[in-house]
Protein chains: 2
Amino acid sequence: MKIAAIGGGVIGGGWIARFILNGHDVSIFDPHPEAQRIVGEVMANASRAYDKLFQAPLPEPGRLIWTSSIAEAVAGMDYIQESVSERLDLKHRIIAEIEAAAPKDAIIGSSTSGFKPSELRQGAKHPDRILVTHPFNPVYLLPVVEVVGGGKAADRASALLSQVGMKPVTIAREIDAHIGDRLLEAVWREALWLVKDGIASTQEIDDVIRYGFGLRWAQMGLFETYRIAGGEAGMRHFLAQFGPALKWPWTKLMDVPDLDDALIDQIASQSDAQSGAYSIRELERIRDDNLVGIFHALKANDWGAGQPLREAENRFYKRKVAAPSTYPLMLHQARVGASWVDYNGHMTEFRYLQVFGDATDAFLIHMGLDESWIAKGFSAYTVETHIRHLAEVKAGEKLRVETRLLGHDAKRFRLHHHILRDNGDEVATGEHMLVFVDTAKGRSTSMPHQFQHRLEEIARKETGPLPDHAGAGIRTLCTQGAE
Amino acid sequence: MKIAAIGGGVIGGGWIARFILNGHDVSIFDPHPEAQRIVGEVMANASRAYDKLFQAPLPEPGRLIWTSSIAEAVAGMDYIQESVSERLDLKHRIIAEIEAAAPKDAIIGSSTSGFKPSELRQGAKHPDRILVTHPFNPVYLLPVVEVVGGGKAADRASALLSQVGMKPVTIAREIDAHIGDRLLEAVWREALWLVKDGIASTQEIDDVIRYGFGLRWAQMGLFETYRIAGGEAGMRHFLAQFGPALKWPWTKLMDVPDLDDALIDQIASQSDAQSGAYSIRELERIRDDNLVGIFHALKANDWGAGQPLREAENRFYKRKVAAPSTYPLMLHQARVGASWVDYNGHMTEFRYLQVFGDATDAFLIHMGLDESWIAKGFSAYTVETHIRHLAEVKAGEKLRVETRLLGHDAKRFRLHHHILRDNGDEVATGEHMLVFVDTAKGRSTSMPHQFQHRLEEIARKETGPLPDHAGAGIRTLCTQGAE
């Protein structure tokens with residue numbers, strides 16, 4: 001997939017970051033003297049966010065190729081993303097230059113927030129392949145892209161953009177500003193009135209959103225939320241109830257506020273009071289960290305914006321080579337989740353045991369004790385555990401576990417897990433005694449031979465000395481003399 | 001804090017669930033024949049969600065007291081939440097009944113989404129204590145409450161509602177529909193046009209929201225998001241850029257769609273296609289699980305809706321201070337949550353350590369190491385743990401922990417926790433070595449004298465022999481001879 005980007009501001013840079021971090025080269029043209037700095041800053045933010053976002057190993061990033069003309073940038077390309085200023089004459093000129101140099105079946109997607117495909121296509125040689133592909137900031141994180149223009153080009157663009165973790169929404173009929181910005185414009189006008197009339201400050205309006213319906217909209221939209229409000233009586237009942245409100249004089253929607261100097265002053269100074277403690281860079285990082293956490297939460301529930309993330313991860317995992325036969329075993333990796341940290345800002349104590357437990361589950365599958373055996377009424381229970389906490393870890397850190405089999409007999413086996421950071425630093429050790437059980441009878445039983453055989457196979461690789469701390473207990477600090 | 005609820009539908013039930021699960025009794029009046037069922041269903045959803053939401057041990061739930069009249073419900077109450085149907089004459093009648101029986105300084109908060117305090121207060125005896133306290137569904141999860149009406153009553157209501165995990169937004173000037181519903185109404189009208197004109201389906205509109213700007217609004221609002229879009233040039237620059245769009249004919253805001261049968265049919269059938277695979281109950285649980293995950297993500301970043309959650313948890317931890325005089329100490333109880341069980345149907349391995357960790361936190365507070373010390377940069381970290389799993393437990397079981405202090409010196413202390421069932425059966429033992437740390441320096445340090453003194457006091461009660469297994473390790477089953 002050969003991709004070019006024309007224009008590298010905040011939006012263009014966001015596109016570029018998404019393509020590159022998903023493993024695709026991008027050739028860029030942007031004559032702005034500061035283009036390299038701006039794109040570099042967006043890339044830095046995006047790399048930082050992706051590092052926290054993905055549990056799966058990221059692909060090798062693509063290359064960013066700076067060119068000195070549109071013709072050079074688009075020659076031989078499959079997909080060209082245009083993100084220049086919102087002026088129709090400028091967009092026409094640039095599309096003409098692209099068409100002069102690009103393959104005739106290359107797709108040209110425009111980031112325009114306002115213009116319709118029919119406007120962009122005026123005077124084009126191959127108009128059908130010119131589309132609106134309108135993203136939302138930050139482009140490298142927010143999945144949605146409005147694809148307007150229809151036909152085979154829209155299908156091809158949607159397929160391509162899905163491959164870089166996006167959620168294309170194909171819009172059937174073109175209108176000014178598509179869907180998202182129309183909804184935003186409605187809210188914006190109403191919010192301007194609220195500030196102008198002194199009803200609420202920018203902070204108060206933002207708080208009503210982010211402590212209220214914004215939380216609903218991060219995972220369900222307007223209609224699905226109202227469907228729930230309608231209850232078992234359904235959407236029809238909800239509409240019948242809500243209908244009359246449309247006739248009430250609740251809003252100022254019939255009029256548009258005048259954005260004069262006084263209102264601009266009012267908003268700008270309220271915004272300073274609200275957010276001025278942070279620089280824009282800090283706000284961007286806070287925003288990105290919050291979005292990453294929200295994506296993780298939604299991925300855990302396999303819902304909404306968590307789904308494109310899961311799909312991307314599945315693609316990334318598939319690229320990984322099958323597990324090597326090295327020893328100690330490397331069967332489990334984990335990312336420290338947002339909900340895993342305690343009031344000290346570090347991974348909570350019990351999450352260490354979660355990582356150990358997940359590594360134990362991975363070992364059970366490795367020895368063949370999978371869900372089909374659980375269903376038959378067999379499992380292995382941990383009866384004893386010894387943990388040494390060696391380092392603190394923070395949200396977003398990546399951990400791996402090295403697993404050894406220290407011993408086994410017909411009914412039991414003894415595991416040693418070593419949690420390490422990406423860089424090899426020790427985080428914790430766990431020693432665990434497990435017993436094979438008949439779950440219906442609730443008591444220990446001898447393992448079927450295939451498991452004993454498998455454990456013997458694994459144990460043959462265990463040739464090193466035992467860890468110093470194996471078998472140790474907590475043996476100091478007794479109030480009583482006896483130990 | 002004595003609380004009454006008049007009306008127990010989805011909104012009233014949500015209020016009741018929030019109060020009760022935060023540990024407050026609620027006396028309720030609702031003559032609807034199905035009120036008990038409806039409130040029961042909301043309570044069930046709320047219990048399920050809180051079970052997942054809180055890491056801190058929840059307080060003992062308050063009692064729900066059904067009464068047979070408004071007079072009986074409100075007598076002697078401090079705070080009365082009115083959540084009856086949206087009819088002004090009905091609200092006037094109910095407020096009059098409340099005023100006839102409630103203490104004259106009791107606050108009356110109305111859940112009205114549309115009426116102004118000045119309307120609610122018409123004909124009241126003590127009008128100043130009548131407020132709008134408008135929440136958003138689901139009330140037990142979404143923190144925001146719009147408090148309109150001003151004066152001391154608004155201050156008192158805000159303080160009280162903060163104590164049940166809410167984020168009160170005080171609105172300076174009353175208007176119809178307050179703030180949130182005006183913004184929602186603006187979006188709603190625009191969305192109805194998009195469906196009516198065949199531009200997009202309910203699914204497509206929802207997807208643009210939940211894969212797009214809804215994710216931004218779960219953590220920053222409208223103005224803070226645009227502040228970022230303005231970049232270093234600032235809010236003023238953004239406004240100057242965005243200003244002209246107000247004059248463009250982008251939206252249909254000058255007109256209101258007619259919600260006739262055809263449009264109702266169109267929306268209802270699109271909504272069925274979009275969400276019909278799930279029942280309303282299922283959608284509610286999906287929504288709640290998503291919100292819980294989002295709250296956890298925001299709490300980890302100490303931002304927005306994560307902050308009231310953190311504050312609530314701090315309160316819950318504090319309540320556990322109630323100093324017992326018996327020894328072993330009984331500082332922590334827990335109920336096995338629905339999400340705590342594994343594929344074997346028993347409490348997951350790592351939840352044992354969660355119970356031990358919570359008991360350790362309770363001990364820290366018992367010895368005086370509370371959040372004020374954490375804020376000053378001191379804490380105690382677990383460095384070593386030995387767990388013996390003695391019995392399986394199932395969802396819903398109640399556990400208590402007996403805690404002993406086995407030893408201590410200037411920097412360290414050694415705890416022994418014993419998890420027991422309600423009937424006294426042994427479930428597990430945990431032995432833990434903790435080190436007092438200077439969290440800024442990230443290393444151990446001597447405890448201030450007050451903690452050493454407190455530990456000595458506690459240690460004086462530790463007179464019995466050590467547990468047999470104290471200091472033990474996992475000492476059998478070595479593949480290698482050496483041990």
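Data overview
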{"quantity": "Surface per residue (accessible, 1.4 Å probe) for chain B, Å²", "calculated": "37"}
{"quantity": "Efficiency of FRET from Cβ geometry, A:D422 and A:K104, R₀ 45 Å, rounded to 0.05", "calculated": "0.45"}
{"quantity": "Calculated over the protein assembly as shown: convex hull of Cα atoms, volume per residue (Å³)", "calculated": "185"}
{"quantity": "Proximal aspartates and glutamates relative to A:K411, as straight alpha-carbon distance under 14 Å, when same-chain residues fewer than 8 apart are discounted", "calculated": "A:D438, A:E456"}
{"quantity": "Under the Debye formula (equal points on every Cα, no solvent term), log10 I(q)/I(0) of the range B:3-178 at q = 0.11, 0.12, 0.14 Å⁻¹", "calculated": "-0.41, -0.49, -0.67"}
{"quantity": "For the range B:322-460: span of alpha carbons on each principal axis (Å, largest first)", "calculated": "45, 32, 24"}
{"quantity": "Computed over chain A: relative contact order in percent, which uses C-alpha pairs under 8 Å that are six or more apart", "calculated": "10"}
{"quantity": "A:A273-B:E232 pseudo-label distance in nm [points 7 Å out on the Cα-to-Cβ vector]", "calculated": "2.8"}
{"quantity": "Average beta-carbon neighbours from other chains, 10 Å sphere, peptide A:412-422", "calculated": "1"}
{"quantity": "Rounded to 5, percent antiparallel among DSSP beta bridges of the range B:3-178", "calculated": "15"}
{"quantity": "B versus A: buried accessible surface, summed, Å² (probe 1.4 Å, to nearest 100)", "calculated": "16400"}
{"quantity": "Intensity falloff of the range A:372-444 expressed as log10 I(q)/I(0), Debye formula with alpha-carbon point scatterers, at q = 0.15, 0.17, 0.25 Å⁻¹", "calculated": "-0.63, -0.74, -1.04"}
{"quantity": "Share of carbon and sulfur in the accessible heavy-atom surface of the range A:3-178 [1.4 Å probe, %]", "calculated": "52"}
{"quantity": "Sites B:R37 and A:D128, calculated FRET efficiency, Cβ-Cβ separation with R0 60 Å, nearest 0.05", "calculated": "0.55"}
{"quantity": "Cα-based radius of gyration of chain A once divided by 2.2 N^0.38 Å, which approximates compact folds", "calculated": "1.24"}
{"quantity": "Antiparallel %, DSSP beta bridges [both residues in the protein assembly as shown], to 5", "calculated": "65"}
{"quantity": "For the range A:59-117, the fraction of alpha-carbon pairs in successive 5 Å shells from zero, as %", "calculated": "4, 17, 26, 23, 18, 8, 3, 1"}
{"quantity": "Within straight-line cross-link reach of A:K167, aspartates and glutamates at Cα separation under 14 Å, skipping those fewer than 8 residues along the same chain", "calculated": "A:E146, A:D155, A:E311, B:E204, B:D206, B:D207"}
{"quantity": "Rough spin-label spacing in nm, given labels placed 7 Å along Cα→Cβ, for A:I280 and A:A75", "calculated": "3.5"}
{"quantity": "Cα-centred dipole magnitude for chain A, charges only on beta-carbon of K, R (+1) and D, E (-1), debye, nearest 20", "calculated": "1580"}
{"quantity": "Relative contact order [Cα under 8 Å, 6+ residues apart], the range A:82-127, whole percent", "calculated": "54"}
{"quantity": "Descending Cα extents along the principal axes, the range A:34-77, whole Å", "calculated": "39, 26, 10"}
{"quantity": "Cβ neighbours within 10 Å from other chains - mean over A:346-358", "calculated": "6"}
{"quantity": "Residues in the range A:211-231 that, when all protein chains are in place, have 50 Å² or more less accessible area than the chain alone would give (probe 1.4 Å)", "calculated": "A:Y211, A:F213, A:L215, A:R216, A:W217, A:Q219, A:L222, A:F223, A:E224, A:R227, A:I228"}
{"quantity": "Sequence-distant aspartates and glutamates (8 or more away, or on other chains) whose Cα lies within less than 12 Å of A:K196", "calculated": "A:D258, A:D260, A:D261, A:D265"}
{"quantity": "Dipole of the range A:3-178 [Lys/Arg +1, Asp/Glu -1 at C-beta], most positive-end residue of A:A35, A:A153, A:G23", "calculated": "A:A153"}
{"quantity": "Positive-end extreme of charge dipole, the protein assembly as shown - chosen from A:A229, B:S162, B:H178 (charges on Cβ)", "calculated": "B:S162"}
{"quantity": "Linear extension gain, B:D260 paired with B:D468, 0.36 nm per residue minus alpha-carbon span", "calculated": "67.1 nm"}
{"quantity": "Estimated dipole of the range B:322-460 in Debye, rounded to 20 [Cβ of Lys and Arg +1, of Asp and Glu -1, Cα centre]", "calculated": "280"}
{"quantity": "Modelled FRET efficiency - R0 22 Å, B:T476 with A:I365, Cβ distances, 0.05 increments", "calculated": "0.30"}
{"quantity": "Cubic angstrom per residue, convex hull over Cα atoms of the range B:162-218", "calculated": "116"}
{"quantity": "Contact order normalised by residue count of the range B:3-178, Cα under 8 Å, 6+ apart, percent", "calculated": "21"}
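The values are calculated or read from the model by the stated rules, or taken from the named source; none is laboratory data. Just so we're clear, the structure is a prediction, and the values are computed from it rather than from any experiment. Positions of Cβ are generated from backbone atoms using ideal geometry, with glycine treated the same way; all protein chains shown enter the neighbour counts. Remember, those area values only see protein heavy atoms, side chains included, never the ligands or the DNA or RNA. Shrake-Rupley method; radii C 1.70, N 1.55, O 1.52, S 1.80 Å.
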